[in-house]
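So the structure is just underneath, and the comments pick up after that.
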Amino acid sequence: MIVRSAALLLLLFSLDCFSRRRSPPPELFYRPPGTQVEIYKDDPVSLGINVYPAPPIPAKGAVLFIHGGGWRMPGTDMPLFADWEQPLRDAGLRAFSIEHRVAPEYRGKELVEDCIDAVEYIHRNAERYKIPADKIALIGFSSGGHLSVMSALALTRRNPDLPVLNASYLKAVVAFYAPLDLPALVQNGSPEIKAVLAGYVPRNRSVRDRSMDMNFQLPVLDSFLLRALSDISPMDNIHPGMPPTLLIHGDQDTLVPVMQSMAFYSRAVQTGSPVLLVTVPGAAHNFNQSRQYFARRAEQTAIDFIVSKLQ
C-alpha cells in the first residue's frame with residue numbers, strides 16, 4: 001500500500017546477512033537467443049528497441065528498460081540484462097530495452113520525447129507482443145531513471161490544454177539512483193555531475209552558450225538556464241496523477257546524492273503522489289554493477305513492486 005504521510009519513508013535494507021562474495025562477471029551487453037531489434041521511430045534519426053523473448057507463461061505485463069550513461073550512451077542494450085532475465089521470466093514479465101537520441105548533439109526534452117514514443121510503440125503493438133496493452137512499466141538507471149520518471153510524468157499529466165495524455169496503461173515506474181532535481185545538482189553537485197549536465201541541458205543559442213559553462217558557475221545561471229532545468233527536472237513536474245513510482249538509491253552515492261531521491265519523495269508525498277523510496281546502505285552510484293547480494297535484492301524489489309501494480 002502506498003504511504004502518503006508527510007513523514008519521509010525510508011525502506012532500509014538490512015546488510016547483516018548480505019554476502020560479500022561476487023559472482024563471475026556476465027556478458028555486459030547480453031542478448032538472449034531470440035532477441036529481436038525493431039525500429040520504433042526513424043525521424044530525425046533511426047532508433048531501435050530490443051524485444052526480448054516472451055516469458056514461458058502468459059505475460060502479466062511489459063517492462064521497458066532505459067539505460068544510463070549520462071544521457072550520452074547510445075544503443076538498445078540494457079547493461080547486465082543477464083541478471084534480470086530469469087527473475088523477469090519467473091515473474092511473467094516481458095522485457096524491452098530502448099535507445100534514445102544522445103547528448104550532447106540532442107538535449108533536454110528531445111530525449112524524453114524518444115522515451116515516450118517508445119512507450120507508445122509498445123502500447124500500440126501489445127497484441128503482437130502478446131502482452132496486456134494496459135500493463136506497462138518503466139525501469140531506468142541514473143540518467144535513464146531521470147528519463148523514466150520524466151516520461152511517466154509527461155504521459156500522465158492532467159492538463160486539458162495538452163493534446164496527449166492520461167496514459168492509464170503506464171502502471172509503474174522504478175528509478176535507480178536517478179537525478180531528479182536538476183537545479184539543485186547544478187548549484188550544489190560535484191564538478192563531475194555538473195560537467196555531465198552541461199552536455200544535456202538545452203543551449204541558450206542567443207548567448208553563445210554562455211549558460212553552458214562546464215562548471216556551471218553561479219553567475220551564468222541566467223533565467224534561460226533555470227527555466228530549461230526546471231522544464232526537464234522531475235522535481236518541478238510532480239503531479240498527483242503520476243503512476244506509482246519506486247525510487248531506489250544508495251546512501252553512499254557521490255555522483256547523484258541520495259538526497260535527490262529523498263527530496264523528490266518528500267515533495268511527492270506532500271502532493272499526494274504515489275511514491276516510495278528504498279535506500280541501500282553502503283551502496284554507491286551504479287551499484288547494480290557490483291553484482292553483490294544487495295544489488296540482486298534491490299532488483300528483485302523492483303520486480304516485486306511492478307508485479308504488485310499490475311494486479
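The values are calculated or read from the model by the stated rules, or taken from the named source; none is laboratory data. Quick caveat, the model's predicted, so the values are computed rather than measured. Positions of Cβ are backbone-derived with ideal geometry, glycine not excepted, and every protein chain shown enters the neighbour counts.
Screening LEU246, LEU255, LEU229 for residues that are assigned to a helix (DSSP H, G or I) and closer than 23 Å to ILE193 by Cβ leaves exactly one candidate, LEU229. Taking the range 115-143, which residues are surrounded by 23 or more Cβ atoms within 10 Å (Cβ to Cβ) and within 16 Å of the chain's Cα centre (by Cα)? CYS115, ALA118, VAL119, ILE136, ALA137, LEU138, ILE139, GLY140, PHE141, SER142, SER143 - these are the residues of the range 115-143 that are surrounded by 23 or more Cβ atoms within 10 Å (Cβ to Cβ) and within 16 Å of the chain's Cα centre (by Cα).
Looking only at residues in the range 92-125 that are in contact with an Asp or Glu (Cβ under 8 Å, 6 or more places away or on another chain) and of a type in the set (A, V, I, L, M), the one that is farthest from ALA302 (Cα to Cα) is ILE98. Screening HIS146 with (1) within 16 Å of LYS41 (Cβ to Cβ); (2) in contact with a Pro (Cβ under 7 Å, 6 or more places away or on another chain); (3) buried (at least 24 other Cβ atoms within 10 Å of the Cβ) gives one miss only, at (1).
Close contacts from the range 81-93, counting a first residue that is more than 22 Å from ASP134 (Cα to Cα) and free of Cβ contacts under 8 Å to residues at least 40 places away in the same chain and a second that is of a type in the set (Lys, Arg) and surrounded by fewer than 19 Cβ atoms within 10 Å (Cβ to Cβ), with Cβ to Cβ under 8 Å and a gap of 6+ residues or different chains, come to none at all.
Exactly one residue among ILE39, ILE57 is assigned by TED's automatic domain parsing to the domain that holds VAL149 and modelled with pLDDT of 95 or more, and that residue is ILE39. If I filter the range 255-273 for residues that are within 15 Å of the chain's Cα centre (by Cα), of a type in the set (S, T, N, Q) and at positive phi, do I get at least one hit? No: the range 255-273 contains no residue that is within 15 Å of the chain's Cα centre (by Cα), of a type in the set (S, T, N, Q) and at positive phi.
Residue-by-condition table, conditions (1) within 22 Å of the chain's Cα centre (by Cα); (2) assigned to a loop (DSSP other than H, G, I, E, B); (3) loosely packed, with under 11 Cβ neighbours inside 10 Å; (4) modelled with pLDDT of 95 or more:
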site	(1), (2), (3), (4)
ALA6	no, yes, yes, no
SER23	no, yes, no, no
PRO26	no, yes, no, no
PRO33	no, yes, yes, yes
ASN50	yes, no, no, yes
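With respect to the conditions (1) at pLDDT 95 or above; (2) hydrophobic (A, V, I, L, M, F, W, C); (3) surrounded by 14 or more Cβ atoms within 10 Å (Cβ to Cβ); (4) outside any helix (DSSP H, G or I), PHE18 falls short on a single one, namely (1). Tell me, which residue of the range 96-110 that is surrounded by fewer than 24 Cβ atoms within 10 Å (Cβ to Cβ) and among the aliphatic types (A, V, I, L, M) is farthest from VAL307 (Cα to Cα)? By that ranking, first place goes to ALA103.
Checking the structure you have, find out if any residue of the range 159-168 is in contact with a Lys or Arg (Cβ under 8 Å, 6 or more places away or on another chain) and either assigned by TED's automatic domain parsing to the domain that holds GLY75 or modelled with pLDDT of 95 or more (or both). Checked the range 159-168: at least one residue is in contact with a Lys or Arg (Cβ under 8 Å, 6 or more places away or on another chain) and either assigned by TED's automatic domain parsing to the domain that holds GLY75 or modelled with pLDDT of 95 or more (or both). Residues in the range 45-64 that are touching a Gly at 6+ places or on another chain (Cβ under 7 Å) and within 10 Å of THR35 (Cα to Cα): PRO53 alone. Within the range 279-306, the set of residues being surrounded by fewer than 16 Cβ atoms within 10 Å (Cβ to Cβ) and under 22 Å from LYS171 (Cβ atoms) comprises GLN300, ASP304.
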